[in-house]
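*Asks:* My structure is below; once you've seen it, I'll send some questions.
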Amino acid sequence: MKFLALSGSARNLSTNTAMLRAVAVAADPDHEVRVFDRIADLPVFSPDLEGGPLPEAVRDFVAQIAGCDGLILASPEYVRAIPGGLKNAIDWLVSRDEIINKPIVLMHASHRGEDVLAQLRLVLATVSTRFCADLFLRFELMKNSPAEIESHLSQPANRRAIGDFIEDFAAFCRR
Ligand SMILES: Cc1cc2nc3c(=O)[nH]c(=O)nc-3n(C[C@H](O)[C@H](O)[C@H](O)COP(=O)(O)O)c2cc1C
């Protein structure tokens, strides 16, 4: 299976992005997990921009969504909500076919952020018929560096948890 791991953080040292990179390492080699950490490249969405040729960054993003079997999304909470950059990325997909039946799951890199999780569950179930709320994997990684996260998530129990999560998601995607 090919998975796209979409980070809702544009921060260089993002815990969410580092967690998704660890997923790419821990997943069974049968699966490919590609991390997308470039939401900051996307211009601000406007329906006016959908009529003509799409901006290059949007074309690339849409192609990566189209080319994956499932989407794994992890995001920080900003001001009790979805960060603007991630909401903007989702807005680019809303009126397109690529997202409608795409399997989607959430991961989370913090012990906090219940509001962003609730909002993401609502938004993702709105844009896709195949958002799977039953599968969810969370690690408490807030304020850790990418190196600390890599080391923590490479521990056998955490690798197993990630591997099981990816297998469960792959089974959901195949259904
Ligand atoms: C502008 C801003 C607003 C934030 N608002 C919240 C918030 O409302 N609730 C919360 O729990 N954390 C909030 N945080 C903390 C981040 O959600 C938290 O540090 C997160 O783990 C960062 O994810 P990242 O490392 O992937 O960038 C905020 C951080 C920033 C920079």
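Just so you know, all these numbers are worked out from the coordinates, no wet-lab data involved. None of these values were measured; they are calculated from a predicted model. Every residue, glycine among them, receives a Cβ derived from its backbone with ideal geometry; neighbour counts consider all protein chains shown.
*Asks:* Specify the inter-centroid distance of region 120-161 and region 11-73, based on alpha-carbon positions, in whole Å.
*Replies:* Their Cα centres are 15 Å away from one another.
*Asks:* Would you mind classifying the chain by shape? Square roots of the alpha carbon gyration tensor eigenvalues, ordered a ≥ b ≥ c; an a/c under 1.5 is rounded, otherwise it is prolate if a/b is larger than b/c and oblate if not.
*Replies:* Judged from the Cα gyration tensor, the chain comes out prolate (a/c at least 1.5, a/b above b/c).
*Asks:* By DSSP, what percent of the beta bridges with both residues in the chain are antiparallel, rounded to the nearest 5?
*Replies:* For the chain, the DSSP antiparallel bridge percentage is about 5.
*Asks:* What ranking, highest mean first, results for peptides 153-163, 116-126 when packing means the other Cβ atoms within 10 Å averaged over each residue?
*Replies:* So the order, starting with the most tightly packed, is 116-126, 153-163.
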